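Here's the structure we're looking at; comments come further down.
The values are calculated or read from the model by the stated rules, or taken from the named source; none is laboratory data. It should be emphasised that the depicted structure is a prediction, and the values quoted were computed from it without experimental measurement. Neighbour counts run over all protein chains shown; Cβ positions are idealised from the backbone, glycine included. For accessibility, only protein heavy atoms count, side chains too; no ligands or nucleic acids. Shrake-Rupley method; radii C 1.70, N 1.55, O 1.52, S 1.80 Å.
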Amino acid sequence: MSKKDNCETPGDLSKPQEELTAQPKDSSPVEEKPIVTEPVTITRKRPESKSSSLSIEEEESHTSDKPEQDSAAKSPSSWGYWGSWGKSLISTASATVATVGHGISTAIEKAESTLGVPSPVELSFRDQPEVAEDASTRESAESTEGETSSPISGALGFLSSISTAVQSTGKTVITGGLDALEFIGKRTMDVIAEGDPGFKKTKGLMHRNTTLSHVLREAKEREEQRVNSDVTTETERQAHYGLLFDEYQGLSHLEALELLSKESEGKVKSILGALSGEELAKLKQELESLKEVFSLEEFDDDEEVEKGDEDFIKELSVLFQDLHISMRPEKLTNARKAAYRWINKVEEEEKKLMAEEESTDPKEEEQQKYTVEDIHESAIRSLAELTACSMEVFHKTATLILHGEASVAAVSRGKALSQMTITLCKEISQLSKKITTLLTTSGASEKSDILNPLITGVFLEASNSASYIQDAFQLLLPVLEISHIQSRT
Amino acid sequence: MAYAYLFKYIIIGDTGVGKSCLLLQFTDKRFQPVHDLTIGVEFGARMITIDGKQIKLQIWDTAGQESFRSITRSYYRGAAGALLVYDITRRDTFNHLTTWLEDARQHSNSNMVIMLIANKSDLESRREVKKEEGEAFAREHGLIFMETSAKTASNVEEAFINTAKEIYEKIQEGVFDINNEANGIKIGPQHSTPGSPGSHMGGQQAGGGCC
Ligand SMILES: Nc1nc2c(ncn2[C@@H]2O[C@H](COP(=O)(O)OP(=O)(O)O)[C@@H](O)[C@H]2O)c(=O)[nH]1
Ligand SMILES: [Mg+2]
């Protein structure tokens with residue numbers, strides 16, 4: 001063993017030694033600019049946190065087959081649950097087609113309008129009323145109409161539906177901005193499922209009890225394939241969250257984390273199996289209180305001031321201190337910096353344009369330096385990168401927890417990780433809001449059928465990002481459990 | 001980008017033998033002499049072509065330290081190929097091969113192709129392990145053998161690609177059950193079964209339909 005080896009103990013805070021600074025190594029450049037069309041339509045109303053599920057249930061009562069929704073809700077991580085729940089919602093959607101008929105053409109749109117969803121433009125305006133006003137005066141009244149959402153052609157990769165489908169969330173209840181995202185994501189997958197053969201296939205996979213990363217990889221591959229087969233509309237060069245997420249090694253980190261999680265789970269089970277009586281009861285109780293840390297966290301990010309790079313970095317470093325893990329997640333913080341730097345650049349450009357418009361000949365055509373498609377693509381890339389980096393953070397955290405002695409109680413680590421999850425999800429939420437605002441201002445002169453899908457796409461992938469992050473968090477539970485057990489003896 | 005197969009590799013061997021450098025040389029075609037120690041596992045990916053087929057290599061580069069051993073063992077499962085690396089300038093890294101091999105054989109699937117790599121061949125003057133010794137070890141244990149230099153890139157491509165060729169041949173011979181993902185092999189999207197999206201376009205699509 002070289003002397004280097006000694007400095008990799010997680011407790012050694014004086015020597016940061018992580019490798020999160022390495023560059024993504026995937027060098028296949030062909031995945032850079034995929035082209036695709038996805039004929040999926042989604043417009044949704046931002047739900048009030050409770051009424052959302054109500055409206056679903058109301059719809060349920062109209063349909064004949066009563067779903068196992070209640071029992072399923074208690075075990076949201078089981079794959080089978082999604083299958084049946086998905087089916088029930090699909091039948092809801094179909095039933096809606098029969099009952100509601102305002103000339104909207106597809107089942108999907110009907111389902112959405114039944115769920116009471118405003119246009120995505122409205123969704124993004126909620127946080128920026130002054131922008132909304134501004135934009136609507138610039139001839140985009142159509143897109144701010146609200147309740148009567150016009151049919152839009154979608155920007156959703158079907159991976160959106162998949163990754164949301166496999167989310168084992170529900171344990172972490174998040175209110176506020178992300179609640180809306182969550183809502184959109186969950187419902188969307190069911191509605192989309194109907195028109196998506198690829199998705200149905202994946203549902204079959206889920207029944208086989210495959211792992212999360214496996215399902216995601218499958219989904220990504222089908223998306224890759226579709227990218228290759230749809231050589232059509234070059235104009236709609238839409239970014240692919242799933243491909244990018246893999247390119248940034250998000251899938252690999254998730255897979256590795258999953259392996260560690262499973263291994264730990266197996267160990268915990270065999271240890272529990274070897275215990276009995278009071279000893280067993282005591283350990284079970286301890287593990288129960290650890291589990292609680294993973295089950296309920298609420299936050300409300302509606303009124304928060306925008307966080308800057310430094311705040312974010314500081315927050316993370318405090319959390320790593322609480323975890324007693326020496327890690328500088330530079331890849332993550334750099335990805336964030338880059339995302340905001342880009343947004344700021346576009347914003348500057350916007351301002352300049354506005355100023356010019358006022359001073360010069362108003363008839364002169366705006367020369368937009370960045371198109372809404374540019375903004376959308378960059379948004380999806382940023383979300384994928386931030387999420388992949390988050391996977392890396394969770395994976396490395398699991399590694400270091402398993403690697404070192406538990407210098408700190410598992411429950412406190414669990415709390416820190418829960419806080420980390422919230423921090424990361426808020427980050428995703430903030431970024432998506434910022435980008436959709438930018439899209440709305442930049443695209444004020446665009447038709448809503450161009451703008452809406454782009455905005456919806458950003459919200460959906462943000463929702464996926466949040467799901468990935470929350471899933472990764474859940475995978476750390478067995479890791480902390482075994483770490484706790486080992487520290488007892 | 002579409003591929004015919006995806007192979008999962010794992011790189012193992014003592015710390016400092018050049019595992020991470022080999023990966024970087026293979027994926028990025030560069031040598032970075034100083035970099036951080038690997039925590040647990042890092043990843044890289046690259047597309048190669050064998051027999052006219054696109055094959056994606058998904059490579060897991062593990063930490064060599066003893067203290068990470070129990071963690072990295074979790075990653076052996078589901079690998080189709082392993083690069084077992086030692087450093088020709090450090091005999092101890094050669095002496096540890098038996099332990100590494102036992103570990104690998106025990107925790108991986110039996111068909112895993114193992115390539116023995118004698119790295120740092122550019123440091124001839126400091127050589128402690130003769131090429132013949134490496135060859136003998138490989139022969140004895142049924143491994144493929146190759147001397148490489150992550151620094152000069154000598155034989156690096158070959159090491160990764162020859163391993164893939166061996167795996168590919170095993171697939172052709174029917175040794176690998178490619179439908180069992182525990183073998184570390186995945187069939188690419190264009191081989192998908194009827195009924196899945198895009199299957200109508202047949203199997204001869206070369207990939208890279210965009211740009
Ligand atoms: N001269 C020479 N040095 C190498 C070569 N490969 C790696 N190194 C050096 O060996 C050290 C350890 O390499 P690294 O890839 O981190 O080893 P790992 O622990 O097995 O991942 C580094 O300082 C490298 O610069 C090689 O082929 N030739
Ligand atoms: Mg290394």
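Is there a residue in segment B:107-120 that is part of a strand (DSSP E or B), more than 16 Å from ligand 1 (Cβ to nearest atom), within 22 Å of B:ALA138 (Cβ to Cβ) and more than 9 Å from chain A (Cβ to nearest Cβ)? Checking segment B:107-120: at least one residue is part of a strand (DSSP E or B), more than 16 Å from ligand 1 (Cβ to nearest atom), within 22 Å of B:ALA138 (Cβ to Cβ) and more than 9 Å from chain A (Cβ to nearest Cβ).
Among residues of segment B:11-22 that are in contact (Cβ under 8 Å) with a residue 24 or more places away in the chain, those with a beta-carbon under 8 Å from a residue that is polar (S, T, N, Q) and within 8 Å of ligand 2 (Cβ to nearest atom) at least six positions away or on a different chain give the pairs B:ILE11/B:THR62; B:ILE12/B:THR62; B:LYS19/B:THR38; B:LYS19/B:THR62; B:SER20/B:THR38. Checking each residue in segment B:134-168 for being away from ligand 1 (no atom under 16 Å from the Cβ), touching a strand residue (DSSP E or B) at 6+ places or on another chain (Cβ under 9 Å) and of a type outside the set (A, V, I, L, M, F, W, C) picks out B:GLU135, B:ARG139, B:HIS141, B:GLY142, B:ASN162, B:THR163, B:LYS165, B:GLU166, B:TYR168. What are the residues in segment A:432-441 that are surrounded by fewer than 24 Cβ atoms within 10 Å (Cβ to Cβ) and either touching a Lys or Arg at 6+ places or on another chain (Cβ under 6 Å) or among the polar types (S, T, N, Q) (or both), if any? Listed by number, the residues that qualify are A:THR437, A:THR441.
Whenever a residue of segment A:425-436 is among the polar types (S, T, N, Q), its partners that are outside any helix (DSSP H, G or I), lying with C-beta atoms within less than 8 angstrom and at least six residues away or across chains, give the pairs A:SER429/A:GLY176; A:SER429/A:ASP301; A:GLN430/A:ASP301; A:GLN430/A:GLU304; A:GLN430/A:GLU306; A:GLN430/A:LYS307. Among the residues making up segment B:73-96, those that are within 10 Å of chain A (Cβ to nearest Cβ) and either over 24 Å from A:HIS403 (Cβ atoms) or in contact (Cβ under 8 Å) with a residue 60 or more places away in the chain (or both) are B:TYR75, B:TYR76, B:ARG77, B:GLY78, B:ARG90, B:ASP92. Condition test on B:SER70, is it on the phi < 0 side of the Ramachandran plot and away from chain A (no Cβ under 11 Å)? The answer is no for B:SER70. In segment A:321-349, the residues that are closer than 23 Å to A:ILE435 by Cα reach residues that are of a type in the set (Lys, Arg) and buried (at least 20 other Cβ atoms within 10 Å of the Cβ) with C-beta atoms within less than 7 angstrom, at least six apart or across chains, in these pairs: A:ILE343/A:LYS434. Within segment B:155-171, if we keep just the residues that are surrounded by 17 or more Cβ atoms within 10 Å (Cβ to Cβ) and either free of Cβ contacts under 8 Å to residues at least 24 places away in the same chain or among the small types (Gly, Ala, Ser) (or both), the residue that is nearest to B:ASN119 (Cα to Cα) turns out to be B:ALA159.
Touching a residue at least 12 places away in the same chain (Cβ under 8 Å), aliphatic (A, V, I, L, M) and within 11 Å of ligand 1 (Cβ to nearest atom): does that describe B:LEU6? Taking the combined requirement at face value, the residue does not satisfy it.
A residue that is outside any helix (DSSP H, G or I), hydroxyl-bearing (Ser, Thr, Tyr) and open to solvent by 10 Å² or more (accessible area, probe 1.4 Å) occurs somewhere in segment A:400-418. Does A:SER429 count as crowded, with 23+ Cβ neighbours inside 10 Å, assigned to a helix (DSSP H, G or I) and of a type in the set (Gly, Ala, Ser)? Here the answer is yes, as A:SER429 does meet what is asked. For segment B:12-22, the set of residues classified as within 8 Å of ligand 1 (Cβ to nearest atom) and either hydrophobic (A, V, I, L, M, F, W, C) or over 28 Å from B:GLY188 (Cβ atoms) (or both) consists of B:GLY13, B:ASP14, B:THR15, B:GLY16, B:VAL17, B:GLY18, B:CYS21, B:LEU22, listed by residue number.
Within segment B:27-38, does at least one residue satisfy the condition of being crowded, with 21+ Cβ neighbours inside 10 Å, more than 16 Å from ligand 1 (Cβ to nearest atom), without any contact (Cβ under 8 Å) to a residue 60 or more places away in the chain and within 9 Å of chain A (Cβ to nearest Cβ)? No, segment B:27-38 has no match at all. For segment B:47-55, the criterion of being within 12 Å of ligand 1 (Cβ to nearest atom) and touching a residue at least 12 places away in the same chain (Cβ under 8 Å) is met by no residue.
The rows are residues; the columns are (1) more than 14 Å from chain A (Cβ to nearest Cβ); (2) open to solvent by 30 Å² or more (accessible area, probe 1.4 Å); (3) charged (D, E, K, R).
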residue: B:LEU57; (1), (2), (3): no, no, no
residue: B:THR98; (1), (2), (3): yes, yes, no
residue: B:SER125; (1), (2), (3): yes, yes, no
residue: B:ARG139; (1), (2), (3): yes, yes, yes
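Only one of (1) within 23 Å of A:GLY308 (Cβ to Cβ); (2) modelled with pLDDT of 95 or more; (3) of a type in the set (Phe, Trp, Tyr) is not met by A:TYR370, so which one is it? For A:TYR370, the failing item is (2). With respect to A:GLU258, is the statement that it is buried (at least 19 other Cβ atoms within 10 Å of the Cβ), at pLDDT below 80 and in a helix (DSSP H, G or I) true? It is false that A:GLU258 is buried (at least 19 other Cβ atoms within 10 Å of the Cβ), at pLDDT below 80 and in a helix (DSSP H, G or I).
None of A:LEU383, A:LEU417 is under 24 Å from A:THR441 (Cα atoms) and at pLDDT 90 or above except A:LEU383. Looking only at segment B:60-71, residues that are within 14 Å of ligand 1 (Cβ to nearest atom), surrounded by 22 or more Cβ atoms within 10 Å (Cβ to Cβ) and part of a helix (DSSP H, G or I) come to 1 in all.
When B:ASP177, B:ASP103 are checked against the criterion of being assigned to a helix (DSSP H, G or I), at pLDDT below 95 and away from ligand 2 (no atom under 16 Å from the Cβ), B:ASP103 stands alone in meeting it. Set side by side, the residues B:VAL85, B:VAL41 differ, and just one is under 24 Å from A:LYS267 (Cβ atoms), within 16 Å of ligand 2 (Cβ to nearest atom), open to solvent by less than 40 Å² (accessible area, probe 1.4 Å) and of a type in the set (Val, Ile, Thr), which is B:VAL41. For B:SER20, the conditions (1) near ligand 2 (Cβ under 8 Å from one of its atoms); (2) assigned to a strand (DSSP E or B) all hold with the exception of (2).
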